[in-house]
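The structure under discussion appears below in the form of structure tokens.
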Amino acid sequence: MPTSPNPKPTPDLNAIQAEKRPTRRGALQAAEQEKDWFEEDKRKGKHRRDQQARNLLHWVLLVLLVVAGIILLVGLVIRACHVFLPPEQFWLNKEQLEFIDHLFQLAGSGFLGGLMTRYLTRNIED
């Protein structure tokens, strides 16, 4: 006698569940999450603007520092020419040379003061 085939197992339909209908509370939570997303976006935008302002300030200060360095270098060359050339070839009078010397004193004291301040703030403990 022939054997009967095994019946196929019935599928487990308990795993299939219908979607839950959104409730008012769920809608409010979704709105809160969306609000938080916008707040985070605003915070990131503010950070980006602040960073752009810092970058601009950095470049402006860098350009000013380069310009000041060039001016001091030109003054140093002029002063060196007045030290090494004979007096007949001077093109600046005594007042103008004193002004250049005064600028070098200010720049030198500012440079040394900046170095000392930086050294002291890094190496002295509170």
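The values are calculated or read from the model by the stated rules, or taken from the named source; none is laboratory data. Every value quoted in this text rests on a predicted model; they were computed, and no experiment measured them. Glycine gets a Cβ as well: all are built from the backbone with ideal geometry, and neighbour counts include every protein chain shown. These accessible areas exclude ligands, DNA and RNA; they are computed on the full protein's heavy atoms, side chains included. Shrake-Rupley method; radii C 1.70, N 1.55, O 1.52, S 1.80 Å.
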Tally, over the stretch 68-94, of residues that are under 21 Å from Gly114 (Cα atoms) and either charged (D, E, K, R) or open to solvent by 70 Å² or more (accessible area, probe 1.4 Å) (or both):
4
Over the stretch 2-23, the set of residues within 54 Å of the chain's Cα centre (by Cα) and either at pLDDT 75 or above or not hydrophobic (A, V, I, L, M, F, W, C) (or both) is Ile16, Gln17, Glu19, Lys20, Arg21, Pro22, Thr23
Check Leu61, Leu56 and return the single one that is open to solvent by 70 Å² or more (accessible area, probe 1.4 Å), at pLDDT below 85 and part of a helix (DSSP H, G or I).
Leu61
Quick one: how many residues across the stretch 90-126 are part of a helix (DSSP H, G or I) and out of contact with any helix residue (DSSP H, G or I) (no Cβ under 8 Å at 6 or more places or on another chain)?
24
